[in-house]
1. If we keep just the residues of segment 449-463 that are modelled with pLDDT under 70 and part of a helix (DSSP H, G or I), which is surrounded by the most Cβ atoms within 10 Å (Cβ to Cβ)?
2. What is the number of the single condition among (1) farther than 30 Å from GLY462 by Cβ; (2) touching a Ser or Thr at 6+ places or on another chain (Cβ under 9 Å); (3) at pLDDT 70 or above that ALA75 does not meet?
3. Using the structure shown, decide if PRO398 is within 24 Å of the chain's Cα centre (by Cα), at pLDDT below 95 and either surrounded by fewer than 17 Cβ atoms within 10 Å (Cβ to Cβ) or farther than 16 Å from GLY298 by Cα (or both).
4. Suppose we filter PRO279, PRO240, PRO288 for residues that are modelled with pLDDT of 85 or more, surrounded by fewer than 11 Cβ atoms within 10 Å (Cβ to Cβ) and of a type outside the set (Asp, Glu); which single one remains?
5. Restricting to segment 1-55, what's the tally of residues that are farther than 30 Å from GLY135 by Cβ, surrounded by 13 or more Cβ atoms within 10 Å (Cβ to Cβ) and at pLDDT 75 or above?
6. Being at pLDDT below 85 and not aromatic (Phe, Trp, Tyr) narrows it down to one residue among GLY474, GLY440; which is it?
7. Restricting to segment 243-271, count the residues that are modelled with pLDDT under 85 and not β-branched (Val, Ile, Thr).
8. Hey, does segment 105-126 have a residue that's without any contact (Cβ under 8 Å) to a residue 60 or more places away in the chain, outside any helix (DSSP H, G or I) and either in contact with an Asp or Glu (Cβ under 8 Å, 6 or more places away or on another chain) or not hydrophobic (A, V, I, L, M, F, W, C) (or both)?
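The values are calculated or read from the model by the stated rules, or taken from the named source; none is laboratory data. Owing to the predicted nature of the structure, the values given are computational and were not obtained by experimental measurement. All Cβ positions, glycine included, derive from the backbone under ideal geometry; neighbour counts span all protein chains shown.
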Amino acid sequence: MIALKPGGLPWLLRHELRLALRTKKTGPWAWAILIVGILFLHGVGALSIFGFSKMQLAPEKVQMIFGGMGMFSVAIMLAASLQMTVNAIYTRGDLDLLLSSPLRPGTILPVRLLAVGLAVMISSLAMAACFMNPGAVMVSARWLVGYITLPALCMLSVTLSFLLVLALVKLVGARRARTAAQVLGGVIGIGAALAAQIPNMNSSADHATQARNFQAMAALGDHPAMLPLRWLGAAITGEPGPFLVLLLVSLGGFVLVTTLLGPAFVRSVNAAAGADATPRRKLADKGPFTMRIRGTTGTILWKEWRLILRDPSLLTQVCSILLVAAPVVLPSIGKHIDTASGEQMAFGWMGVVPVAGLLAGALVWLAFAGEDAPDLLGTAPVQARRMLRDRLLAAALPALVPATLVCLYVALSTPWSALLLWLVTLLSVTTYLAMDMRQGPALGGRKAFQKRYQSNVIALFGEMLLGFVLFGLGWLMLKFLAPAWAVSLLLVLNAGVLTGLLWPKRASA
């Protein structure tokens, strides 16, 4: 290992990257799954590049396409950078130690934001490389310029995220800026997901309507207001002038902003973090919304939910799971499933199946793997089996209640389809509970929720695969199985999974 001078910028950057990217040791199966996933995505990228190369597009249209892709990438990276910037500044809680160390205050924030940028850059390049590498082989080596333009866009996103956090600190104060930044990041992510699905919203229309919509979008690309988008596309595709300007703005802007505004911002945030919040907590506990729950089950449920509700950061991360529904629901607007019962159900309602399961899985992870005081729960004067049941119920109810309301609404027009949809959703919830409750304790407790997949890559791929399987199972049963057979099969499957959840050997969990 290269010896770096303690206290220097490279030394501190290596430390920040080690904290940002550290994971537990993974076995050969995790590496095998990761390699297979990368090869599969390269295959998907090769097919996409092959189709794109067959399109005869003018250079202006190509620039518009890559400009739109660049704007979408900036929005996604900005949402991720906001979350990671807030965590790096607020969650770590080590600014007082760094300010009291021999480190220069002017190096703390640039290094921390640079580590955030590199972490976002690695994940972005991992996905983009699956398209850039086939493009360089099949079309032109110019596709490799993305290995320069994408990091530049990443640094621009990190700079914008810091400026947004700084503006929020000025507007609402350092304490509330954390929650506001996380909410803003979620809104930006949702907006990017919605914008990316706009071309698919009319996929069920006739060919004439689709042709008119495509011509309208093409005419919009020629509007003078779209000039910045075309300029961004030219920079991404490697046009010398825009390319150099993009590099100058992204790198120069990052250095200038962090150098001039960094030290004062770090001191103000550290001062706000040290303020005493005990009086506010006492007043909040006496407020009109304070709940007094009686009964063992109610106490356990409220304990699990309150731990999430009192942490805006954790609540925002849990609610962001609802974004999974966007790629399923938005392209299916106007589409229907002709079920075996003779009913016609809107295809978009199928999005409730993976979303409910992922939400329940996240909550059960917080209740089991993310539990900060497992020893106290183990010594509580409550039967272990009842404790297990109530904690599972606390994770299942926030997912099942909204899903049940959706199914009741669907039942107004298609009762049999709604019943099958609810049973498949119940199977999704119970299956994700059974999968995620068995994960080992997380280092850092609930604070490690955002990085829960770094230590278990197999769980990430398992959850993704399970979501596709349950979605496909629901579609097959609605489409081909008679209601009586589908209901009977789903009842048997749910009973089997519930038995596994409440197995006596897990009662000591």
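1. VAL457
2. ALA75 satisfies every listed condition except (1).
3. Answer is no for this residue.
4. PRO240
5. Qualifying residue count, segment 1-55: 6.
6. Result of the check over GLY474, GLY440: GLY440.
7. Adding up the residues that qualify gives 10.
8. Checked segment 105-126: no residue is without any contact (Cβ under 8 Å) to a residue 60 or more places away in the chain, outside any helix (DSSP H, G or I) and either in contact with an Asp or Glu (Cβ under 8 Å, 6 or more places away or on another chain) or not hydrophobic (A, V, I, L, M, F, W, C) (or both).
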